[in-house]
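Here is the structure we will look at, set down as structure tokens.
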Amino acid sequence: MSHVLRLENITMQFGGVVAINDLSMHIDQGEIVALIGPNGAGKTTAFNCITGVYEPTNGAVYFNDQCIVRNQPTGRMKKLYAGDNRTPCEGPRIAMTPDKITKLGIARTFQNIRLFKSQSAFENVLIGMHLRRTSNPFSATFRLNLQEEKQMRQQAMELLEIVGLGAFAYEKATSLPYGQQRRLEIARALATQPRLLLLDEPAAGMNPQETDELGEFIVRIKDDFKLTVFLIEHHMNLVMDISDRIYVIDFGRQIAHGSPAQVQDDPEVIRAYLGEEEA
Amino acid sequence: MKKSTRMIIGFLLLALLFLAVWLIERAMGTNSMVITVLKKGAVYALIAVSMNLLNGFTGLFSLGQAGFMLVGAYTYAVFTIPMAKRMAVYQYYQGGIIQFEIPFFLAILLAGVVAALFAALIGMPVLRLKSDYLAIATLGFAEIIRAIIQYDKLGPITNGSNLLKTYPTFTTVLFPFVVSAVCIGIILLLIHSTYGRAFKAIRDDEIAAEAMGINLFRHKQLAFVVSSFFAGVGGALLAMYQGTVQANAFKSAMTYEILLIVVIGGMGSVSGSVMASFLFIACSEWWMRFLDSELMIGTFKVPLLRSGFRMVVFSILIMLVVLFYRRGIMGDRELSFDMFRRRKGVASK
């Protein structure tokens, strides 16, 4: 069976630091998969490799069996390379830019919220729709795309309603409370019509009640938009509640993988989070 | 108020403004200071808005505006000098090699197109640079193009470092007003289209914009080309305003002047740029002229007033604006009906 997302032996090395070490994983259609690990384990780096922000040192990423990222150590990196997996990834180098990857159907949110600061919530979502346009600069300037524009505005409004921000559509994005900014980021990501949604700590800074609501919300949009969700999260309750599978990484290496129950009892995971017992 | 009524009122106000300008011209005569200021102000308004599209709306810190104006001005002048006068203008180059002329409105359009072509070519390497580096590269382009145009071997086309003159100029002050208004209108339409939103997204956060599927290079290139097109048209208008064109006048100081207008008006505000350009031109050409001439009150000679003092005062004013009024006249807002209504609402409370 083909996977929605497949990472093959991804290693990301910055200079001498190996941020991700030989990471392989796969995500299937309709799943909610979580990526957890202590601070600095390389979770966001993994996201950045998938979305084309970073180019991994070695390994490949496949989205619906299409290779979107592939690289192997070259030049100076050949000597410096310190990943566990010594076999260089076969095949020509592929490095899609983030905008191309988003166009294929992977959307993301950011750990440190990155909304378009000077614009309203509504405009933020509208910008997310720009990539599905059929108009060219000329027809857009001279308003030959009125139909499309109207449709975009309508859809943007609907998305805002779905994430519960309908009443704040014309508020400046940065004037919204923290939790709502996170929801707005999700709305903006949904506007790009993704098939895979990457959420980078969507519950950061939320209180327990908001976190519970967010969990329900993620499950709901997953079903409504027929999405596959891949999330990084520190709130264990949320992760355990909604995830189908969990990958745990520490120091860039995968240390556990399985259902929430399996992962919870894994001694490696407990060690990574709580530290080793002194003998 | 409904959107359509607002638009109608807006157009009526614009028509009223044109009428007022026309009446002023009738009353004051074509050579009065007011008319000079209005003409130059209208030309600079277009150029400032074109620069604002790049610096204020797309967040590309480009300093190449004078270069594109130069290209536009020369394109216009070279193609519109009447056949009969080419021999006299190109006296050192046997009348030049371009032995035809085209109608002036076509030449204005061509001025924009040629400037846009230059921008498309230069944009390819240059737009991959960020902030300061982009500024240096575009500034370099402007200086290089100025030198190239004065190159003696290009004389048969550009007349080397000699003046271009005798081409058609403004016959009425309304002409630059109408052309500028149409061009600024088009820029406004672009800014409020889905592409304009993408520009602003790039300005606010490049990484997020790219993650939203916006092709950074293509959109920057678009903004750069459109901005340069209108800078080229503005250059053609400036040539018409001046009556003569010489490459040497398009120094980087000219870009700084326009940057100043953009900053004073407010980065990201079209109406701010327009207001600031009239203010700036009025100040530099008219209101502050007295600072440049010696003044005697009775037997008392007012100190400091002498040639060049105007620039000192100007610099101080600019420093004050940048220090205490950083967002300029308009910030990133636009002049609108709502603004007045809200102000009234606040006042009545």
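Values quoted throughout were computed directly from the atomic coordinates according to the rules given, and no laboratory measurement underlies them. Quick caveat, the model's predicted, so the values are computed rather than measured. Every residue, glycine as well, gets a Cβ built from its backbone with ideal geometry; the counts of neighbours run over all protein chains shown.
Taking the Cβ of each residue in B:Phe290, B:Phe18 as the centre, tally the other Cβ atoms inside 10 Å and list the residues starting with the fewest.
Values: B:Phe290 12, B:Phe18 15.
Listing B:Phe290, B:Phe18 from fewest to most nearby Cβ atoms yields B:Phe290, B:Phe18.
By counting other Cβ atoms within 10 Å of each Cβ, how are A:Tyr170, B:Tyr133 ranked from fewest to most? Each step should come with its number before you reach the end.
On the way: A:Tyr170 9, B:Tyr133 12.
Final ranking by Cβ density, sparse to dense: A:Tyr170, B:Tyr133.
Provide a whole-number value for the mean count of partner chain Cβ atoms within 10 Å of the Cβ atoms in peptide B:87-100.
Numbers: counts 0, 0, 0, 0, 0, 0, 0, 0, 0, 0, 0, 0, 0, 0.
Other-chain Cβ atoms within 10 Å of each residue's Cβ, averaged: 0.
Return the long-range amide H neighbours of A:Arg253 (sequence gap of 5 or more, or a different chain), with a cut-off of under 5 Å between placed amide H atoms.
For A:Arg253, whose amide H was placed from the backbone, the distant partners under 5 Å are A:Asn21.
A:Glu161 to A:Gln111: extension gain in nm, 0.36 nm per residue of separation minus the Cα-Cα distance?
Values: separation 50, 0.36 × 50 = 18.00 nm, distance 2.31 nm.
Answer, rounded to one decimal: 15.7 nm.
Once phi is turned into ³J(HN,Hα) by the Karplus curve 6.51 cos²θ - 1.76 cosθ + 1.60 with θ = phi - 60°, what whole-Hz value does each residue of the stretch A:143-149 show in order, with x for glycine and proline?
So the Karplus estimates, Gly and Pro as x, are 6, 8, 10, 3, 4, 5, 4 Hz.
Counting only other residues whose beta carbon sits under 14 Å from that of A:Thr57, what net charge do I get with K and R as +1, D and E as -1?
Numbers: positive: A:Arg70, A:Arg76, A:Lys78, A:Lys79, A:Arg86, A:Arg93; negative: A:Glu8, A:Asp22, A:Glu55, A:Asp84.
Value of the local net charge: +2.
Just want the ordering: A:Ser259, B:Ser161, from fewest to most Cβ atoms lying within 10 Å of their own Cβ. It would help to have the intermediate numbers written out before the result.
Values: A:Ser259 12, B:Ser161 15.
By the 10 Å Cβ count, ascending: A:Ser259, B:Ser161.
Please report how far the C-alpha centroid of the stretch B:126-169 lies from that of the stretch B:178-199, rounded to the nearest whole angstrom.
26 Å
Sorted by average packing, counted as other Cβ atoms within 10 angstrom per residue and highest first, what order do A:249-255, A:218-224, B:57-63 take?
Numbers: A:249-255: 19.6, A:218-224: 15.1, B:57-63: 23.9.
The most tightly packed comes first, giving B:57-63, A:249-255, A:218-224.
When only C-alpha pairs under 8 Å and at least 6 residues apart count, what is the relative contact order of chain A, in percent?
Averaging sequence separation for qualifying contacts and normalising by length gives 25 percent for chain A.
Which value at 222 nm does chain A reach when only helices count, each DSSP H run of 4 or more adding -39,500 (n - 2.57), with the total divided by all residues and rounded to the nearest 500 deg cm²/dmol?
Values: 11 runs with 103 residues, N = 279.
Helix contribution divided over all residues of chain A: -10500 deg cm²/dmol.
State which helices in chain B qualify, where a helix is a whole DSSP H run, it must extend 24 Å or more along its own axis by its Cα atoms, and its mean Kyte-Doolittle hydropathy must be at least -0.5. Intermediate values should be presented prior to the final figure.
Details: long enough: B:3-28 (37 Å, 1.53); B:33-52 (27 Å, 1.40); B:104-126 (33 Å, 2.58); B:131-149 (27 Å, 1.34); B:174-191 (25 Å, 2.94); B:216-242 (38 Å, 0.94).
Both cut-offs are met by B:3-28, B:33-52, B:104-126, B:131-149, B:174-191, B:216-242.
Between A:His257 and A:Arg153, what is the label-to-label distance in nm when each label sits 7 Å out along the Cα-to-Cβ direction?
4.9 nm
Counting only other chains, and only Cβ atoms inside 10 Å, what mean value do you get across the residues of A:106-113?
On the way: counts 2, 3, 3, 2, 4, 0, 0, 1.
Whole-number average of other-chain Cβ neighbours for A:106-113 is 2.
For A:Ile94, what residues show an amide H to amide H distance below 5 Å, using hydrogens built from the backbone and excluding near sequence neighbours?
For A:Ile94, the qualifying residues are A:Arg70, A:Asn71.
In a shell of Cβ-Cβ distance under 13 Å around B:Leu190, excluding B:Leu190 itself, what net charge do Lys and Arg (+1) and Asp and Glu (-1) give? Could you put the intermediate results ahead of the total?
Numbers: positive: A:Arg143, B:Arg197, B:Lys200; negative: none.
That sum, taken over residues with Cβ under 13 Å, equals +3.
Between the helical axis of A:178-191 and the dominant principal axis of chain A, each derived from Cα atoms, what acute angle in degrees is found, rounded to the nearest 10?
Tilt relative to chain A: about 80 degrees.
Hey, if you put +1 on the Cβ of every Lys and Arg and -1 on every Asp and Glu Cβ in chain B, which of B:Leu163, B:Met28, B:Phe104 ends up farthest toward the positive end of that dipole?
Looking along the dipole axis, the top candidate is B:Met28.
If you take every DSSP beta bridge whose two residues both sit in the protein assembly as shown, what share of them, in percent to the nearest 5, is antiparallel? Walk me through the numbers before you get to the answer.
On the way: 29 of 45 bridges.
Looking only at bridges with both residues in the protein assembly as shown, the antiparallel portion is about 65 percent.
How far is the Cα center of the stretch B:320-338 from the Cα center of the stretch A:12-72, in Å?
Cα centres, the stretch B:320-338 to the stretch A:12-72: 45 Å.
Just to be sure I follow the rule: in the stretch B:32-251, considering lysines 8 or more places apart or on different chains, how many pairs have Cα atoms under 28 Å apart?
Counting lysine pairs in the stretch B:32-251 gives 17.
Estimate the FRET efficiency between A:Met77 and A:Glu171 by the formula 1/(1 + (r/R0)^6), using the beta-carbon distance for r and 41 Å for R0, to the nearest 0.05.
Details: r = 46 Å, r/R0 = 1.13.
For R0 = 41 Å, the calculated efficiency reads 0.30.
Working from the pairwise distances between different alpha carbons, so that the mean of 1/r is found and then inverted, what is chain A's Kirkwood radius in Å?
Numbers: mean 1/r = 0.0503 Å⁻¹.
In chain A this quantity evaluates to 19.9 Å.
Where Lys and Arg each count +1 and Asp and Glu each count -1, what net charge lies around A:Pro177 among other residues with Cβ under 11 Å from its Cβ?
Numbers: positive: A:Arg182, A:Arg183; negative: A:Glu171, A:Glu210.
Here the count lands on 0.
So, in Å, what gap is there between the alpha-carbon centers of the stretch B:1-63 and the stretch A:248-271?
65 Å
Per-residue mean of other chain beta-carbon atoms within 10 angstrom of the beta-carbon, peptide A:96-103? The partial results should precede the final answer.
Details: counts 0, 5, 10, 11, 3, 3, 5, 3.
Taking all residues of A:96-103 together, the mean is 5.
Given only helices, namely DSSP H runs of n ≥ 4 each adding -39500 (n - 2.57), what is the per-residue ellipticity at 222 nm of chain B, to the nearest 500 deg cm²/dmol? Don't skip to the answer; put the middle values down first.
Details: 15 runs with 232 residues, N = 349.
It comes out at -22000 deg cm²/dmol, rounded to the nearest 500.
Express as a percent, rounded to the nearest 5, the fraction of DSSP beta bridges in chain A (both residues included) that run antiparallel.
Numbers: 25 of 41 bridges.
Around 60 percent of the beta bridges assigned by DSSP in chain A are antiparallel ones.
Given points 7 Å out from each Cα along the Cα-Cβ axis, report the A:Asn207 to B:Asn162 separation in nanometres with one decimal.
With each label placed 7 Å out from Cα toward Cβ, I get 8.2 nm.
Mind checking the dipole of the stretch B:239-336: about its Cα centre, +1 per Lys or Arg Cβ, -1 per Asp or Glu Cβ, Debye to the nearest 20? All intermediate terms of the calculation are to be shown ahead of the outcome.
Values: 8 positive and 6 negative charges, 41 e Å.
In total the dipole reaches around 200 debye.
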